[in-house]
Amino acid sequence: MLTVEDHVKTHSVPFIDLEPEKAKTTWREMKQLVLLVSTLAIFTDLTIYSSIVPIAPFIIRGLGLGAFENGLLIVFFSIGVLVASPIFGVLSDRLQNRRWVLFAGLCCLIATTVIFTVARVYWLLAIARFFQGVAGGCAWTVALAMIADTYSEGQVGVAMSFVMVGFSLGQLMGPPIAGALFLTDYKAPFYFCYALIAIDLVGPIIMKDTIKKANKTLRKDVEKVELDIQLSESTLINGTASLMEPDHLPDGLIALNGLPTSETVASEPAEMKRVRRQIKYTTFDILKQWNLWILFIVTTFAASAWGGLEPILPFFLVDSYQFDSAKVGLYFLVPVIPSLIFSPVCGWLYDRYGMVVCIPGTFVTAIVVSCFGIPDSNTPPWVILILLLLYGAAGSFVMTPIMPELSRNVPKSVTARVYGIWNMFFSLGLLIGPLTASALYDRVGWRWSAVVQGGFYLMCIPGFFMYRRQPLPEFIEEEILGASAWTSVS
């Protein structure tokens, strides 16, 4: 219950701060746990996604199909991400819930793995890839939003770089394990996926929600502002505090030592006080920000290049060197190893120098990917290994800074929505890249397909030069009338 004395103290400061108050944190609310759960969700999603990469050519060719149909599977995945990402983003923000939305996405991942296990025709594989995209859209949207909820601006770059480590580890583990298990039994890789999902489901269950904790504190502060406004208005009628008798006091306010009464008056004139109210943004408000559009378009180009290599590199390795599924999986490990090191380095540099760190890394990545077209069947395989190592190191500087930069442009109340939109553009790139790469591989071969993917990376560079950070304000300042002090008349 508030007393008049408390009210006076409240009016003694020029601003009423609506930032969440610091509260005692339990282990279920620790930001390290949030980071672990988020990273594990991305790791699981990418492990299961990449597990299909080394075995897909053999499944597709077993059905009498080729590289183009393999690329179409990634297109179905992209459509799933495109459809699901904004839906999960809006749900997470409007329901004020992150963890159970993430839990639902993981359950969807179980369903898609079941379909993969029983699929023996192409259309079932396409359905499985689609729902895998739905699960991926949920995992990326909600996991990144949880980190943005929890970490401050000076820490979010490094925190999200660990998400990229989970991304890289998923790419690291999925292909070789799935490739080796596939040699023993068709269903064996999917049993591995079931076990991984079961472990991942524990995280959303044990943690406390990130957005509810922040908004619970915020609502208390907003109620205090409304009480102050009500009190100020009631004290200005006829210059007295006649409405401040106990029967007329606002809810939650009690008189101090039986006061105020009709004999209590404002001894000093009222003065203006400034308060801050949280601004409510819609998805349309986000889409009107040109600086976010630059990041979205750059993401589309980068995802096109990244996704374009996935369906054609396994076919190149099989056609040129007669690799089996296990060897194809091992080659997909190579770019992941340097990215485990360079992703945290990129996050650290981003927190200190901003988006400028993207430019040199993207330029080197474009050159390296274009050089993939130089080797042919007469080139020693170790040349491919060197290019893959360089690709993993330089490629870490393309996407890693974009994810935390998005959260610096919008308030925390709409982070899930902005990551949902970002996921849409990422999936759009995964539509463009595999389709163009697969079609080019069937018609003009490996060389020009690789050059086109390098060109996608090159088109990212003008966007990085044009980009300027312009954060949306989280609060709006308003002036209210308030009494500066209270005096009792005996």
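Throughout, read-outs are computed from the coordinates displayed, never taken from laboratory work. No experiment lies behind these values; they were computed from the predicted model shown. Note: ideal-geometry Cβ built from the backbone for every residue, glycine included; neighbour counts use all protein chains shown.
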**Prompt:** For the peptides 279-285, 321-327, what is the packing order when you average, over each peptide's residues, the other Cβ atoms within 10 Å and list the highest mean first?
**Reply:** 321-327, 279-285
**Prompt:** Measuring from centroid to centroid over Cα atoms, what is the spacing of region 46-74 and region 391-441 in Å?
**Reply:** 22 Å
**Under Karplus coefficients 6.51, -1.76 and 1.60, residue-wise ³J(HN,Hα) of region 87-102 in Hz, glycine/proline x** = 5, 5, x, 5, 4, 5, 6, 6, 7, 6, 8, 10, 5, 6, 5, 4
**Request:** Starting with the highest mean, order 198-204, 32-38 by the number of other Cβ atoms within 10 Å, averaged over the residues of each peptide.
**Result:** 32-38, 198-204
**Under 5 Å, built H, 5+ apart or other chain: amide partners of Phe475** = Ile279
**Asked** For the peptides 91-100, 155-164, what is the packing order when you average, over each peptide's residues, the other Cβ atoms within 10 Å and list the highest mean first?
**Response** 155-164, 91-100
**Message:** How many angstrom lie between the Cα centre of region 117-143 and the Cα centre of region 304-324?
**Reply:** 21 Å
